[in-house]
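Colleague: One structure is given below, represented as C-alpha cells, and several questions about it will come after.
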Amino acid sequence: MNSPLVTELLATLPEGRLLTDPDVTESYARDRTFLAPGKPVGVVLARSRDDVVATMRAATEHRVPVVPRGAGTGLAGGATATDGCLILSLAQMTAIRELSPQDEIAVAEPGVITADLDRAAREHGLMYAPDPSSYEISTIGGNLATNAGGLRCVKYGVTRDSALGLEVVLADGRVLDTGRRTMKGVTGYDLTGLFVGSEGTLGIITAATLRLRRAPSEVATVAAEFSSLVDAAAAVSAIIAAGCQPSLLELMDRTTLQAIDEWKNIGLEPGTRAMLIAQSEGSPDAMAALCGAASFVAVSSTPEEAAELIGVRRLAYQAKERLGQCLVEDVCVPRSALPRMIATIEEVAARHGVMIATVAHAGDGNLHPVFIFERGLAEPPPAVWAAADEVFRAALALGGTLTGEHGVGLLKKRWLGLEAGPLATELHHGIKQVFDPLGILNPGKAI
Ligand SMILES: Cc1cc2nc3c(=O)[nH]c(=O)nc-3n(C[C@H](O)[C@H](O)[C@H](O)COP(=O)(O)OP(=O)(O)OC[C@H]3O[C@@H](n4cnc5c(N)ncnc54)[C@H](O)[C@@H]3O)c2cc1C
C-alpha cells in the first residue's frame, strides 16, 4: 500500500513525475562518495517550479524529509538519500529563461548543466565563470547549493560571486525571490548569499539570476613539470606574490599524473613529481619565468593547445576513481601555507602507508588530497581515516578550513566541531529553524 505522501503526490503531480520502484529509485540515492545511501520512499522528477511547490507542500503536510538533488556529482554526501526520505531531483528543470548580453546576466533553472550555460553565454562574447572540473556533468542548482569553485575561481571567484538573485521554494511550499538583477544592491540581509552553499538545508533553488562576464579574447597556458611537489608549490607562491593574476593555477602530484598517464598516455617523464598548469589572459612569460625550478616548461601557442593542457587537469578525478574507492578531501589554506600543507600531506601518506593523490586549485590554496582505498570495502580502512584526520587538523592549524568548495554534506560532519565553535553552531541551527522549522530539508547534512 502507498504511503499517504506517495498517494498525495500521485494525485497532485502530473503523470510520470513520481518514481517509486526501488530498483529505479536506488539509482538516485547516491552521489560520488562511497557513502551507503538509505532507502527513499520515492523520487520526484520536477520539471517546473509548480512541481517543486506541490512536492514541498505535501512533504510538509506529511513530515517527510526531502533530499534535493542535481546531477549527483557531489563529493561530500550532500545528495545521499536517508531512510524514508523523498528525493527531489531538479535535473529536468533545464531552461535558460533569459540571457541578456546588455545586462550581462542569465536566468537559469537548476538543472542546467554548468558548461551549457557557459556555451550559451559564449555565443554573445560572454562567459559563465565558475567552472568546477565537473562542469560538463554538474548542474547550476548543485553548484549554487555547494557554492562550487573551479579552475577559473582564482581570478573570477566562486559560484557565490556570480549569484545575484535566486528563486527558492521554501520547506512549506512558499516561493521566495531573493537578491536582484543589478550589479550592486544592498537592500536587506544577503539572503542570496545565505542560500548559496546551504547544501539543500534551507530551501530548494528553482531559478538563479547569474552574472556573466566578458569572455577573454586570448588565453595562453603554461605547463611546467617539477621533480619535487614542494618546488611546484613554491612556484605557485612566487606567481601569486609577483602579482601575475593568473586566470587559472592548478597543481597535480605524481600519483595523479601517473593515474592519468595510465589511462590516457600523456607521456609522463619518470622524474616528474608534479605538474603546474597556469593560464593567463595576457602574456604568460612572467609566469613561465617564475617556474625556474621546473625540469620542463611548455607554453601553448594556440587556443587548441591551451585547451588540451587544461583538459589533462580535468581528467584528474576520473583517473583516480579508476585506481579504487576515493575519500576526497577539500582543505583550503592561506596561499602562503601551500608548500607546508603539501609537505605535510606527503609525510602523512608515507607514515600511514596510505595512497594519497593530490590535485590543487593552487592559486586559491585549495587542495584535494584524494585517499584511495580498496574497491569493495564498505568504508575506508582505519589508516585512511587516521590519515584524513591528520590532514584536516594540519589544514586548520595552518589557518585553513575543512572545505573550500565541496561542502560538508555527511562526509565532513565528524570534523565540523574542530572549525565551527559552539556559538557559530548555535546560530547555524537558529537559522535552520527559521527556514525549516520541521527539519525536513536535507536533515543531518551540512550543519
Ligand atoms: C570529476 C569531478 C570533478 C569535480 N570538480 C569540482 C571542482 O572543481 N569544484 C567543485 O566545487 N566541485 C567539484 N566537484 C564536486 C561536484 O561536482 C560539485 O559539488 C557540484 O556543485 C555538485 O553539483 P550536482 O549538480 O552534481 O549536485 P548534487 O551532487 O546532486 O548535489 C549537491 C548538493 O546540492 C544540493 N542541491 C542540489 N540541487 C539543489 C537545488 N536545486 N536546491 C537546493 N539544493 C540543491 C544537494 O542536496 C546536495 O547537498 C567535482 C566532482 C566530480 C565528480
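The values are calculated or read from the model by the stated rules, or taken from the named source; none is laboratory data. Note that the structure is a prediction, hence the values are computed from the model and not measured. Positions of Cβ are generated from backbone atoms using ideal geometry, with glycine treated the same way; all protein chains shown enter the neighbour counts.
Colleague: Would you check if there is a residue in the range 118-133 being within 8 Å of the ligand (Cβ to nearest atom) and of a type in the set (Asp, Glu)?
Modeller: yes
Colleague: Now, a different point. Where residues in the range 387-405 are in contact with a Pro (Cβ under 9 Å, 6 or more places away or on another chain) and part of a loop (DSSP other than H, G, I, E, B), which of them is farthest from residue 200 (Cα to Cα)?
Modeller: 398
Colleague: Can you tell me how many residues within the range 202-214 are crowded, with 17+ Cβ neighbours inside 10 Å and away from the ligand (no atom under 16 Å from the Cβ)? Working first, answer last.
Modeller: Of the range 202-214, the ones crowded, with 17+ Cβ neighbours inside 10 Å are 202-212.
Subsequent filtering for residues that are away from the ligand (no atom under 16 Å from the Cβ) retains 211-212.
Result for the range 202-214: 2.
Colleague: With the structure loaded, tell me whether residue 333 is more than 16 Å from the ligand (Cβ to nearest atom), among the β-branched types (Val, Ile, Thr), free of Cβ contacts under 8 Å to residues at least 40 places away in the same chain and not assigned by TED's automatic domain parsing to the domain that holds residue 157 or whether it fails that test. Spell out how you get there, then give the answer.
Modeller: Details: more than 16 Å from the ligand (Cβ to nearest atom): yes; among the β-branched types (Val, Ile, Thr): yes; free of Cβ contacts under 8 Å to residues at least 40 places away in the same chain: no; not assigned by TED's automatic domain parsing to the domain that holds residue 157: yes.
For residue 333, the condition - more than 16 Å from the ligand (Cβ to nearest atom), among the β-branched types (Val, Ile, Thr), free of Cβ contacts under 8 Å to residues at least 40 places away in the same chain and not assigned by TED's automatic domain parsing to the domain that holds residue 157 - is not met.
Colleague: Would you confirm, using the coordinates I've provided, whether residue 362 is buried (at least 24 other Cβ atoms within 10 Å of the Cβ) and assigned by TED's automatic domain parsing to the domain that holds residue 378? Let's see the steps before the verdict.
Modeller: Details: buried (at least 24 other Cβ atoms within 10 Å of the Cβ): yes; assigned by TED's automatic domain parsing to the domain that holds residue 378: yes.
Considered against the rule, which asks whether it is buried (at least 24 other Cβ atoms within 10 Å of the Cβ) and assigned by TED's automatic domain parsing to the domain that holds residue 378, residue 362 comes out as yes.
Colleague: What helices (runs of 4 or more DSSP H) lie completely within the range 225-313 and have 2 or more residues being touching a Ser or Thr at 6+ places or on another chain (Cβ under 8 Å) and without any contact (Cβ under 8 Å) to a residue 60 or more places away in the chain? Spell out the reasoning first.
Modeller: Numbers: elements: 229-241, 254-264, 285-289.
In the range 225-313, the matching helices (runs of 4 or more DSSP H) lie at 254-264.
Colleague: So the check is Cβ under 9 Å with 6+ separation or different chains; which pairs have a first residue in the range 336-350 that's more than 23 Å from residue 383 (Cβ to Cβ) and a second one that's in a helix (DSSP H, G or I) and among the acidic types (Asp, Glu)?
Modeller: Close Cβ pairs (under 9 Å, with a partner that is in a helix (DSSP H, G or I) and among the acidic types (Asp, Glu)) amount to 339/231.
Colleague: Residue 164 - would you say it is under 30 Å from residue 335 (Cβ atoms) and either modelled with pLDDT of 95 or more or not in a helix (DSSP H, G or I) (or both)? Break it down into steps so the answer makes sense when it comes.
Modeller: On the way: under 30 Å from residue 335 (Cβ atoms): yes; either modelled with pLDDT of 95 or more or not in a helix (DSSP H, G or I) (or both): yes.
For residue 164, the condition - under 30 Å from residue 335 (Cβ atoms) and either modelled with pLDDT of 95 or more or not in a helix (DSSP H, G or I) (or both) - is met.
Colleague: Would you mind stating whether residue 156 is more than 23 Å from residue 442 (Cα to Cα), more than 10 Å from the ligand (Cβ to nearest atom) and surrounded by 16 or more Cβ atoms within 10 Å (Cβ to Cβ)? First the steps, then the outcome.
Modeller: Details: more than 23 Å from residue 442 (Cα to Cα): yes; more than 10 Å from the ligand (Cβ to nearest atom): yes; surrounded by 16 or more Cβ atoms within 10 Å (Cβ to Cβ): yes.
Spelling it out, residue 156 is indeed more than 23 Å from residue 442 (Cα to Cα), more than 10 Å from the ligand (Cβ to nearest atom) and surrounded by 16 or more Cβ atoms within 10 Å (Cβ to Cβ).
Colleague: Kindly evaluate residue 178 against the criterion of being among the polar types (S, T, N, Q) and crowded, with 20+ Cβ neighbours inside 10 Å. Even if it seems obvious, please write down each step before you answer.
Modeller: Numbers: among the polar types (S, T, N, Q): yes; crowded, with 20+ Cβ neighbours inside 10 Å: yes.
When the stated conditions are applied, residue 178 passes them.
Colleague: A further question on this structure: Within the group 192, 159, 178, which residue is at pLDDT 95 or above and within 17 Å of the chain's Cα centre (by Cα)?
Modeller: Numbers: 192 fails: within 17 Å of the chain's Cα centre (by Cα); 178 fails: within 17 Å of the chain's Cα centre (by Cα).
None of the others qualify; the one that does is 159.
Colleague: Sticking with this structure for a sec: Looking for whichever is not aromatic (Phe, Trp, Tyr) and not in a loop (DSSP other than H, G, I, E, B) here; the options are 411, 423. Which one fits?
Modeller: Values: 411 fails: not in a loop (DSSP other than H, G, I, E, B).
That would be 423, the only listed residue that is not aromatic (Phe, Trp, Tyr) and not in a loop (DSSP other than H, G, I, E, B).
Colleague: Which members of the range 17-55 meet the condition of being part of a loop (DSSP other than H, G, I, E, B), free of Cβ contacts under 8 Å to residues at least 40 places away in the same chain and within 22 Å of residue 205 (Cα to Cα)?
Modeller: First, pick out the residues of the range 17-55 that are part of a loop (DSSP other than H, G, I, E, B): 17, 20-21, 29-41, 46-48.
Subset that is free of Cβ contacts under 8 Å to residues at least 40 places away in the same chain: 17, 20-21.
The one that is part of a loop (DSSP other than H, G, I, E, B), free of Cβ contacts under 8 Å to residues at least 40 places away in the same chain and within 22 Å of residue 205 (Cα to Cα): 17.
Colleague: Can you tell me which residue in the range 1-49 is surrounded by the fewest Cβ atoms within 10 Å (Cβ to Cβ), limited to those that are farther than 18 Å from residue 83 by Cα and within 15 Å of the ligand (Cβ to nearest atom)?
Modeller: Filtering first and then ranking leaves 48.
Colleague: From 300, 295, which residue is away from the ligand (no atom under 16 Å from the Cβ), surrounded by 15 or more Cβ atoms within 10 Å (Cβ to Cβ), of a type in the set (S, T, N, Q) and at pLDDT 90 or above?
Modeller: Selected residue: 295, the only one of 300, 295 that is away from the ligand (no atom under 16 Å from the Cβ), surrounded by 15 or more Cβ atoms within 10 Å (Cβ to Cβ), of a type in the set (S, T, N, Q) and at pLDDT 90 or above.
Colleague: Give the residues of the range 170-211 that are outside any loop (DSSP other than H, G, I, E, B) and not hydrophobic (A, V, I, L, M, F, W, C), sorted by residue number.
Modeller: 177, 178, 179, 192, 193, 206, 209, 211, listed by residue number.
Colleague: Hey, does the range 349-369 have a residue that's under 28 Å from residue 232 (Cβ atoms) and polar (S, T, N, Q)? So that I can check it myself, show each step before the final result.
Modeller: Pass one, the range 349-369, residues under 28 Å from residue 232 (Cβ atoms): 349-369.
Okay, now just the ones that are also polar (S, T, N, Q), so 358, 366.
For the range 349-369, residues under 28 Å from residue 232 (Cβ atoms) and polar (S, T, N, Q): present.
Colleague: On to the next question. Filter the range 182-202 for residues that are on the phi > 0 side of the Ramachandran plot and touching a helix residue (DSSP H, G or I) at 6+ places or on another chain (Cβ under 8 Å) and give the result. Give the derivation first.
Modeller: Of all residues in the range 182-202, those on the phi > 0 side of the Ramachandran plot come to 185, 188, 197, 199-200.
Answer for the range 182-202, where residues must be on the phi > 0 side of the Ramachandran plot and touching a helix residue (DSSP H, G or I) at 6+ places or on another chain (Cβ under 8 Å): 197, 199, 200.
Colleague: Only one residue in 84, 42 is of a type in the set (Gly, Ala, Ser) and either closer than 19 Å to residue 110 by Cα or touching a strand residue (DSSP E or B) at 6+ places or on another chain (Cβ under 9 Å) (or both), so which one is that?
Modeller: Values: 84 fails: either closer than 19 Å to residue 110 by Cα or touching a strand residue (DSSP E or B) at 6+ places or on another chain (Cβ under 9 Å) (or both).
42 is the lone residue from the list that is of a type in the set (Gly, Ala, Ser) and either closer than 19 Å to residue 110 by Cα or touching a strand residue (DSSP E or B) at 6+ places or on another chain (Cβ under 9 Å) (or both).
Colleague: Listed residues 81, 76, 58; which is without any contact (Cβ under 8 Å) to a residue 60 or more places away in the chain, crowded, with 20+ Cβ neighbours inside 10 Å, part of a loop (DSSP other than H, G, I, E, B) and among the hydrophobic types (A, V, I, L, M, F, W, C)? Before you say what the answer is, go through the steps one by one.
Modeller: On the way: 76 fails: without any contact (Cβ under 8 Å) to a residue 60 or more places away in the chain; 58 fails: part of a loop (DSSP other than H, G, I, E, B).
Criteria check complete, one pass: 81.
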